[in-house]
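Since every read-out is calculated from the coordinates, none of them should be taken as a lab result. Note that the structure is a prediction, hence the values are computed from the model and not measured. When we count neighbours, we look across all protein chains shown, and the Cβ atoms used for this are built from the backbone with ideal geometry, even at glycine.
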Amino acid sequence: MSSSGYPSDLTDQEWALLAPLLPVAKPGGRPRAVNLRVIMDGIGYLVRTGCAWRYIPREYGPWSTVHHYYRAWRIDGTWERIHARLRERVRLRAGRESTPSAGIIDSQSARTTEQGGPHGFDGGKKVNGRKRHILVDTMGLVLTAVVHPADLHDREGGKLVLNTLGGRFPRLRHVWADQGYAGAFRQWAKTTTGIAVEVVYPWWRQLKRYDPELLEVMGYQPGFNVLPRRWVVERTFAWLGRYRRLSKDYERLPSTSEALVYLAGIRLLLRRLA
C-alpha cells in the first residue's frame, strides 16, 4: 500500500522503518496538520522522476509544503542522520560492524544549469558543472558526500571528503582510490586522518610505462578494466543514477545537491531493509 499510488511511494514496510527516524514536532508549537508519509512520498517522487518542485503532483499537497520540510531537514542535517542510521542497520543485518574499516573514494562530474551557484570546468571530462565526491564502504553504501565545483582536482576534493569524517568512523583505516589521488594526497591523508590511501592501478600500467614493447608483443590494447575494489564505488554511482534528479545538478547550493545524494541513498537502504 502507498499514499497516492505512484511507483516511487514508500511501501508500508519502508514507512514503518522510516517513520521513527523522522523529527518529531517541537513541543509547545502548533500540532502538525500534514501527513509526513505524504510529504516523504512527494520528496521521493521528485528525486526519482527528476521533476521540478512546482510539478509535484497535487496528491502530495502544495509543493511549497513539501519543499519546506525538505529544506528544513536539509539545513538541520536530518537527511544525513537518517541515512547513517539506516546504513548501520544494513551493515549489521549483513553480519558486519556498524562502521566500516575500509572504503573507496571517487568523484563524478555532473553538468549544471543556468540556476547559478558554485561551478567550474572539468578539463578531463569536458564538463562544466560540479563534482559529486563520495566515500563508500566495501558494500557500496555511501559514508559521506561532498559536492564542489568540477574544476577542483580530485586530490583537493578528496581532502574535503576526508575532513568531513570527524570521529564518525573510528574503525576506518584504509581507502582505495584511482590514479587521480596519487602523490601528496596519500601522505596528507595518513598524517592528517590516519587513513592509508591505496591507489589501485590497472595491471598493464607499469608495463606501459617501463616496457611498452612487451605489451606490443603480447598484442594487448589497454582499455577499460574492472579494477579490484574500485568497481564498488562505480556501482554506487550507477545506483544513484537511477534517481533522475541527479542526472544533472539543478541546484543553486552544493549542500542541496549533497542532500539529494543522501535522499537517494535513503530510498536504496529502505528497499534493502524492507
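Charges only on Cβ, +1 for Lys and Arg, -1 for Asp and Glu: so what's the dipole of the chain about the Cα centre, in debye to the nearest 20? Before the final figure, lay out the partial values.
Numbers: 43 positive and 25 negative charges, 130 e Å.
About 620 debye.
Of all lysines in the structure, the ones whose alpha carbon falls short of 16 Å from that of LYS190, not counting any fewer than 8 places away in one chain, are LYS159. Taking trypsin sites (Lys or Arg not before Pro) in DSSP loop conformation with at most 13 other Cβ atoms inside 10 Å as exposed sites, the chain has its longest uninterrupted site-free stretch at 33-125.
So what is the calculated 222 nm ellipticity per residue for the chain, using -39500 (n - 2.57) for each DSSP H run with n of 4 or more, over all residues, to the nearest 500 deg cm²/dmol? Numbers along the way, then the final one.
Values: 10 runs with 115 residues, N = 274.
So the helix-based figure for the chain works out to -13000 deg cm²/dmol.
How large is the Kirkwood hydrodynamic radius of segment 1-94, counting all unique pairs of alpha carbons, in Å? The answer is 14.3 Å. Ordering VAL136, PRO118, GLY95 by the projection of their Cα atoms onto the charge dipole of the chain, which places +1 on the Cβ of Lys and Arg and -1 on the Cβ of Asp and Glu, puts GLY95 at the extreme positive end.
Only one residue of GLY157, PRO170, GLY42 has its Cα farthest out toward the positive end of the dipole of the chain, where Lys and Arg carry +1 and Asp and Glu -1 on Cβ, and that residue is GLY42. For the chain, a Gaussian network of Cα nodes joined below 10 Å ranks GLY103, GLY95, GLY61 by mean-square fluctuation, and the top entry is GLY95.
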